[in-house]
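Notes to accompany the following structure.
The values are calculated or read from the model by the stated rules, or taken from the named source; none is laboratory data. The model shown is predicted, which means the values in this text are computed figures rather than measured ones. Using ideal geometry, Cβ is built from the backbone for each residue, glycine included, and neighbour counts are taken over all protein chains shown.
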Amino acid sequence: MTKGIRRVGAMLAALLTVFCTPQLAAALPDRASTPLRSVAPDLVLTGEIGPQDKLTFHDVPFAVPQGVVRISVEFDYTERDKHTVIDLGISDPDGVRGWSGSNKSSFTLSRTDATPSYLPGAIHAGTWKLNLSVSAIRPDVHARYTARVWFWRHGDIPAVSTFSAAPLKTGAHWYRGDLHMHTAHSDGSCASLTGRPVPCPLYHTAEAAVAHGLDFIALSDHNTGSHYDAVRELQPAFDTLLMIPAVEVTTFQGHANVFGTTEPVDARLGGPTVSNVGAILDQVHDLHALISINHPTSPTDETCRGCGWSAPDTDWSKVQSIEVLNAGELWGAMGDARVKRPGVAFWRDLLNEGHHLTGVGGSDNHDVELGRLGVGFPTTVVYAPELSERAVLDAIRAGHVFIDARGSRDGLLELTAQGPSGRAMMGDTLAAPAGANLQLSVHVAHAKGGRITLERDGAPLTLPDAVIASDDEVKTLQLAADGKSHWISADVSIGGRPVLIGNPIYLAP
Ligand SMILES: [Zn+2]
Ligand SMILES: [Zn+2]
């Protein structure tokens, strides 16, 4: 659900008396000029400041209705070129929630996170106030201020990204990221200045991601959103690295990452509030978030409590993604020998049952000092129209994804299928009526010496020359459609170990 102008009218009646001859603007502002872009504000508060207001304080009250989980404000005023300065802060019904003076013209605050200068905390309904103070205005100057206020409700999708008002990069591209990591906000650790293992500040993980050349990360601490406030502070400084809100819902029956919301998910599966896994999936659905089952084939024993996915009656139509490659599987002899069955096999069984699920990877990093085997190992690579949270999560929903198991910076795998009805990329469904001629095309870059495995429903298709002899190659295969539903996938391995894992193209009769 996206927000619109629907609530502005209802807010008119709720607007309280304000000082300095304020009034509601007659027209909505040019939305394209605001960082929130596509979303109209719920309130527009305006007023006039004159010379008589110099060195005075003015509260601008406004009503916050029930059900609001986040408030965002943009503030502007005229006559800045004449050295007018109006400072900005905000109070909730209980008192001051922050003050940014003249150093910020926009801010947001919610239960979990707030723009630096402001305090996260519950958003109580009632009368809030913008706290304006006029620190400078010349004797002959009259200035007008405009405050645009957005109310975000349960399940609203951010205009672009939760922690960034604009895409970090534009243009359709394969963007590389890590969807699974832990910090001091759960059990991620690193060495202190004196070499002691300590809960690891999350900026170390962000720095490791930058060093690995990643475009996006999702810090997914266990059953908490306590890291979101720190992420909000980091994002402006890490302006090439998109940070996507995530939490690892950690239960006795399995783990799953929930992406794209800062609202809490009750993970007490089996307890009085969450009787079955369906209750978790329904929470995620109501939040318009994305859920990905983590390390589904990990053991569930004393060493790894509830790590494998064992939740009975999982409705896979409410699941979007599976972490089919967790770093623990990749470490091989030096790693987690307890994983007896690949996550890919778990995924393929579900594909064969007819489910459409996107396979992703995750480092599950708990130690940024692992270096090459740490953050970004493996890498999830998504084809998205821009580097924004909405674009990346939509790309995962669409299956426009491959996994770079080595965590390289440039490995590329593109499977496409051309049929009479058009062209499909990984994740897409292609109409393939009986007798239709399909051309499968596999484009691989930077995996020289590898071997392509092309499969239909998990059974190999014979590719005449499967060996990749150069740094950039395209292999093709003609296929006659039989008019039945299938999935087609391409992977690349070197020396029998996975290097690139593709998502399927689905063939529909
Ligand atoms: Zn886990
Ligand atoms: Zn984890």
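Could you please find all residues in the range 86-116 being surrounded by fewer than 16 Cβ atoms within 10 Å (Cβ to Cβ) and more than 19 Å from VAL69 (Cβ to Cβ)?
Kept after step one, since they are surrounded by fewer than 16 Cβ atoms within 10 Å (Cβ to Cβ), are these residues of the range 86-116: 93-96, 101-103, 105, 116.
Scanning the range 86-116 gives GLY95, VAL96, GLY101, SER102, ASN103, SER105, PRO116.
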request  = Could you please let me know if VAL249 is away from ligand 2 (no atom under 16 Å from the Cβ) and buried (at least 19 other Cβ atoms within 10 Å of the Cβ)?
outcome  = no
query = So GLY254 fits all but one of (1) small (Gly, Ala, Ser); (2) in contact with a Pro (Cβ under 8 Å, 6 or more places away or on another chain); (3) away from ligand 2 (no atom under 16 Å from the Cβ); what number is the exception?
reply = (3)
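Please specify each residue of the range 117-141 satisfying the condition of being of a type outside the set (Gly, Ala, Ser) and either surrounded by 15 or more Cβ atoms within 10 Å (Cβ to Cβ) or in a strand (DSSP E or B) (or both).
Start the filter on the range 117-141 by keeping residues that are of a type outside the set (Gly, Ala, Ser), which leaves 118-120, 123-124, 127-132, 134, 137-141.
Result: TYR118, PRO120, ILE123, THR127, TRP128, LYS129, LEU130, ASN131, LEU132, VAL134, ILE137, VAL141.
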key: Residue satisfying all of: in the range 201-239; within 24 Å of ARG409 (Cα to Cα), of a type outside the set (A, V, I, L, M, F, W, C) and assigned to a helix (DSSP H, G or I); nearest to ligand 1 (Cβ to nearest atom) among these   = THR205
task = Run down LEU287, LEU370, LEU330, LEU350 and say which single residue is without any contact (Cβ under 8 Å) to a residue 12 or more places away in the chain and farther than 20 Å from PHE252 by Cβ.
result = LEU370
task = Looking at (1) surrounded by fewer than 23 Cβ atoms within 10 Å (Cβ to Cβ); (2) under 22 Å from ILE123 (Cβ atoms), find the lone condition where HIS222 falls short.
result = (2)
ask   = Limited to the range 266-299, what total is found for residues that are under 30 Å from ALA114 (Cα atoms) and part of a loop (DSSP other than H, G, I, E, B)?
value = 8
inquiry  = Taking the condition of being in contact with a Pro (Cβ under 7 Å, 6 or more places away or on another chain), surrounded by 18 or more Cβ atoms within 10 Å (Cβ to Cβ) and small (Gly, Ala, Ser), how many residues in the range 441-498 meet it?
reply    = 2
key: Hits in the range 271-312 (condition: at negative phi, within 13 Å of ligand 2 (Cβ to nearest atom) and within 22 Å of the chain's Cα centre (by Cα))   = SER292, ILE293, ASN294, PRO296
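Could you run through the range 170-211 and say how many residues are under 14 Å from VAL375 (Cα atoms), surrounded by fewer than 22 Cβ atoms within 10 Å (Cβ to Cβ) and in contact with a strand residue (DSSP E or B) (Cβ under 9 Å, 6 or more places away or on another chain)?
Of the range 170-211, the ones under 14 Å from VAL375 (Cα atoms) are 176-183, 188-190, 200, 202-211.
After this cut, where a residue has to be surrounded by fewer than 22 Cβ atoms within 10 Å (Cβ to Cβ) as well, the list is 189-190, 203-204, 207, 210-211.
Cutting the leftovers down to in contact with a strand residue (DSSP E or B) (Cβ under 9 Å, 6 or more places away or on another chain) gives us 189-190, 204.
Residues flagged as under 14 Å from VAL375 (Cα atoms), surrounded by fewer than 22 Cβ atoms within 10 Å (Cβ to Cβ) and in contact with a strand residue (DSSP E or B) (Cβ under 9 Å, 6 or more places away or on another chain) within the range 170-211 amount to 3.
Does the range 343-361 include one or more residues that are over 29 Å from TYR506 (Cβ atoms) and either modelled with pLDDT under 95 or in a loop (DSSP other than H, G, I, E, B) (or both)? Break it down stepwise before answering.
Applying the first criterion (over 29 Å from TYR506 (Cβ atoms)) to the range 343-361 yields none.
Looking for residues that are over 29 Å from TYR506 (Cβ atoms) and either modelled with pLDDT under 95 or in a loop (DSSP other than H, G, I, E, B) (or both), one finds none in the range 343-361, hence no.
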inquiry  = Would you confirm, using the coordinates I've provided, whether GLU323 is among the acidic types (Asp, Glu), assigned to a strand (DSSP E or B), surrounded by 15 or more Cβ atoms within 10 Å (Cβ to Cβ) and within 16 Å of ligand 2 (Cβ to nearest atom)?
reply    = yes
task = Check off (1) more than 16 Å from ligand 2 (Cβ to nearest atom); (2) under 26 Å from ILE403 (Cβ atoms); (3) surrounded by 24 or more Cβ atoms within 10 Å (Cβ to Cβ); (4) not aliphatic (A, V, I, L, M) for THR262 and give me the number that stays unchecked.
result = (2)
task = Considering only residues that are polar (S, T, N, Q) and surrounded by fewer than 23 Cβ atoms within 10 Å (Cβ to Cβ), look in the range 291-320 and name the one that is farthest from ASP394 (Cα to Cα).
result = THR303
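Out of GLU302, GLU263, GLU248, report the one residue that is away from ligand 1 (no atom under 16 Å from the Cβ) and either among the acidic types (Asp, Glu) or assigned to a loop (DSSP other than H, G, I, E, B) (or both).
On the way: GLU302 fails: away from ligand 1 (no atom under 16 Å from the Cβ); GLU248 fails: away from ligand 1 (no atom under 16 Å from the Cβ).
Among GLU302, GLU263, GLU248, only GLU263 is away from ligand 1 (no atom under 16 Å from the Cβ) and either among the acidic types (Asp, Glu) or assigned to a loop (DSSP other than H, G, I, E, B) (or both).
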key: VAL198, sole failed condition from (1) more than 25 Å from LEU119 (Cβ to Cβ); (2) assigned to a strand (DSSP E or B); (3) within 16 Å of ligand 2 (Cβ to nearest atom)   = (3)
task = Could you check, for the range 244-252, whether at least one of its residues is closer than 22 Å to ASP367 by Cβ, at pLDDT 95 or above and either of a type in the set (Asp, Glu) or not assigned by TED's automatic domain parsing to the domain that holds THR379 (or both)?
result = yes
request  = Give just the number: which of (1) among the hydroxyl-bearing types (Ser, Thr, Tyr); (2) in a loop (DSSP other than H, G, I, E, B); (3) under 30 Å from ILE244 (Cβ atoms) does THR416 not satisfy?
outcome  = (2)
query = Which of the residues spanning the range 215-242 are away from ligand 2 (no atom under 15 Å from the Cβ) and in contact with a helix residue (DSSP H, G or I) (Cβ under 6 Å, 6 or more places away or on another chain)?
reply = PHE216, ALA230, LEU234, PHE238, LEU241
ask   = Looking at (1) assigned by TED's automatic domain parsing to the domain that holds LYS169; (2) farther than 28 Å from PRO167 by Cβ; (3) not basic (Lys, Arg), which is the one condition that is false for ILE452?
value = (1)
